[in-house]
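A single structure is presented below for examination.
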Amino acid sequence: MTSNSKSLSKYKPFVSVVIPTYNRKNSLKNCIVSLFNQTYPKDMYEVIVVNDGSTDGTEEILKEYEKKAPCKFKWFTQRNQGSYAARNLGIEMAKGGIICFIDDDCIADKHWIEKLVEGFTDGWVGGVGGQIIAYNPRKIVEEYAKFDQEEAIKGKFYPSFLITCNAAYRKDILENCGYFDPYFRSGGDVDMGIRVTWKGYKLKYAPDAIVYHKHRTTFMGFIKQRYAYGTGCSCLGKKYFHFPLLEIFIFLIFKLGLNIILIPKILGSKDKKKELSERFLNILSIFSYLVGIINGYLLQDYPEDKVVRDKIESLTLFKNKIRLGKRNDDKNIR
């Protein structure tokens with residue numbers, strides 16, 4: 001492939017939409033309906049649902065919507081192996097040159113597929129990620145637990161990647177990268193971002209490709225989510241020899257301490273109730289993440305023969321960002 005390869009946005013390629021699902025049949029209904037109402041030509045896309053061993057009657061819902069589908073609709077059931085293994089089955093069964101990913105707790109804007117496809121403006125664009133907006137947030141937990149796709153692509157918190165609840169990749173690139181790593185239960189989207197950019201492709205942000213995500217509504221759900229992110233980070237550290245896991249851990253300890261130290265300053269502010277709530281969630285988020293890293297490192301295994309020992313530029317750049325971030329926070333303390 002060269003940089004002069006044909007832009008996929010200049011014509012209407014056939015698209016496959018893949019949804020992994022597990023015990024969320026009610027949310028899944030809304031997701032499927034939003035995909036049936038897309039502006040993209042109905043004969044130019046298919047919806048593939050992979051049921052990851054659900055026990056809540058998900059198959060009955062899939063049978064029902066299979067009869068209503070205005071586009072091609074396929075569904076498969078596998079034993080519970082995690083969302084990335086489910087996505088891999090969807091990729092294998094997909095007919096599209098572009099594969100869009102959405103989660104079962106999301107609702108797609110009617111222009112979603114169209115706007116993701118438009119993001120593939122040249123042959124070097126390997127993946128496109130859209131904007132993720134909280135669906136009808138009512139609690140501070142929902143407002144806090146936002147997903148910033150633009151920052152993910154810029155590589156602010158991790159090496160550049162696409163948040164998979166609103167992402168599209170060219171199928172040939174996914175095949176070239178070996179699909180998602182099924183050893184990940186969390187963090188597999190970061191792993192894919194590392195591998196796609198390592199091959200020289202770029203990731204692009206498409207702000208008009210919108211999905212509405214149902215964020216966690218309870219503190220326990222929020223804690224479990226952050227804990228899972230921590231275990232995913234630990235898995236990245238085990239897979240990539242040069243992944244800066246220790247630096248991340250130290251940086252998070254530093255951030256946790258900084259958040260606690262700054263609490264007295266908030267007590268004197270006019271809007272202290274809101275600021276204290278956000279500070280508490282920030283502390284809770286970091287602590288849960290740290291516990292996830294520790295437990296993931298101690299309890300998770302990763303095959304030794306799959307460890308990547310090569311130096312990867314994106315990991316080096318990310319390591320430098322962590323160090324710079326710590327220096328900037330150190331100035332704020334003074």
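Beta carbons within 10 angstrom, averaged per residue: use that to sort the peptides 71-78, 166-173, highest first.
Details: 71-78: 16.9, 166-173: 23.1.
The most tightly packed comes first, giving 166-173, 71-78.
Here's something else I'd like to know. Just for the Cα atoms in region 129-287, what are the lengths along the principal axes, largest first, rounded to whole Å?
Computed over region 129-287, the largest-to-smallest principal extents equal 55, 36, 25 Å.
Separate question: Note down the net charge around Lys154, summing +1 for each Lys or Arg and -1 for each Asp or Glu among other residues with Cβ under 11 Å from its Cβ. The partial results should precede the final answer.
On the way: positive: Lys156, Lys321; negative: Asp148, Glu150, Glu151.
It works out to a net charge of -1.
Whole-Hz ³J(HN,Hα) for each residue in region 256-262, computed from phi via Karplus 6.51 cos²θ - 1.76 cosθ + 1.60 with θ = phi - 60°, x for glycine and proline: what do you get?
After applying 6.51 cos²θ - 1.76 cosθ + 1.60, I find 4, x, 4, 5, 5, 4, 7 Hz.
First check a/c for region 104-167, with a ≥ b ≥ c the square roots of the eigenvalues of its C-alpha gyration tensor; if it is under 1.5, answer rounded, and if not, answer prolate when a/b is larger than b/c or oblate otherwise.
Verdict is oblate for region 104-167.
Would you mind checking which residues have amide H under 5 Å from Val15's amide H? H placed 1.01 Å from N; only 5 or more apart, or other chain.
Tyr45, Glu46
Along the Cα-to-Cβ line of Phe254, 7 Å from the Cα, sits a label point; which residues in region 138-175 have backbone N less than 15 Å from it?
Counting backbone N atoms under 15 Å from the label point, the list is 157.
Now, a different point. Which far-off residues, 5 or more places away or on another chain, put their amide H under 5 Å from the one on His215, with H placed in the peptide plane?
The answer is Tyr135.
Once fully extended, how much extra length lies between Tyr135 and Glu313, figured as 0.36 nm per residue of separation less the alpha-carbon to alpha-carbon distance?
60.5 nm
How large is the charge dipole for the chain, taken about the Cα centre, if only the Cβ atoms of Lys, Arg (+1) and Asp, Glu (-1) carry charge, to the nearest 20 debye?
Values: 52 positive and 38 negative charges, 181 e Å.
Result for the chain is approximately 860 debye, rounded to the nearest 20.
Helix-only mean residue ellipticity at 222 nm, the chain, DSSP H runs n ≥ 4 weighted -39,500 (n - 2.57), per residue, nearest 500. What is it?
Details: 13 runs with 162 residues, N = 334.
Calculated at 222 nm, the ellipticity per residue is -15000 deg cm²/dmol.
In nm, to one decimal, how far is the modelled label at Thr217 from the one at Glu92, with both set 7 Å along Cα→Cβ?
Those two pseudo-labels are separated by 3.6 nm.
Given R₀ = 22 Å, FRET efficiency for Lys146-Thr39 by Cβ-Cβ distance, to 0.05?
The pair Lys146/Thr39 has a calculated efficiency of 0.25.
Count the net charge of all other residues whose Cβ sits under 11 Å from the Cβ of Asn80, scoring Lys and Arg as +1 and Asp and Glu as -1. Present the calculation step by step, with values, prior to reporting the outcome.
Working: positive: Arg79, Arg185; negative: Asp52.
Local net charge: +1.
Oh, and also: Taking the square root of 5 times each eigenvalue of the Cα gyration tensor, what semi-axes in Å does the equivalent ellipsoid of the chain have, largest first?
Equivalent ellipsoid semi-axes, largest first: 33, 24, 20 Å.
For region 110-161 and region 18-48, what is the separation of their C-alpha centers, rounded to whole Å?
18
Roughly what % of DSSP beta bridges within the chain run antiparallel, to the nearest 5? Provide the component values of the computation, followed by the final result.
Values: 11 of 39 bridges.
Percentage antiparallel, nearest 5: 30.
Please go through region 271-324 and write out the trypsin sites (Lys or Arg not before Pro) that DSSP classes as loop and that have at most 12 other C-beta atoms within 10 Å.
Answer by residue number: Arg309, Lys311.
Under a GNM of the chain (C-alpha, springs under 10 Å), which listed residue has the highest mean-square fluctuation: Cys177, Cys106, Cys165?
Maximum fluctuation in the GNM of the chain, among the listed residues, is at Cys177.
Using R₀ = 35 Å, calculate the FRET efficiency as 1/(1 + (r/R₀)^6) where r is the Cβ-Cβ separation of Glu247 and Asn26; round to 0.05. Please report the intermediate quantities before stating the final value.
Working: r = 41 Å, r/R0 = 1.18.
With a Förster radius of 35 Å, E is 0.25.
What pairs from Lys25/Lys110; Lys95/Lys156; Lys42/Lys202; Lys199/Lys224 go past 27 Å between their alpha carbons?
Going by Cα-Cα distance, Lys95/Lys156; Lys42/Lys202; Lys199/Lys224 fall outside the 27 Å limit.
Each reported figure results from applying straightforward, stated rules to the coordinates on display, with no laboratory input. For clarity, every value in this text was computed on a predicted model and none was experimentally measured. Here Cβ is always computed from backbone atoms with ideal geometry, including for glycine, and neighbour counts include all displayed protein chains.
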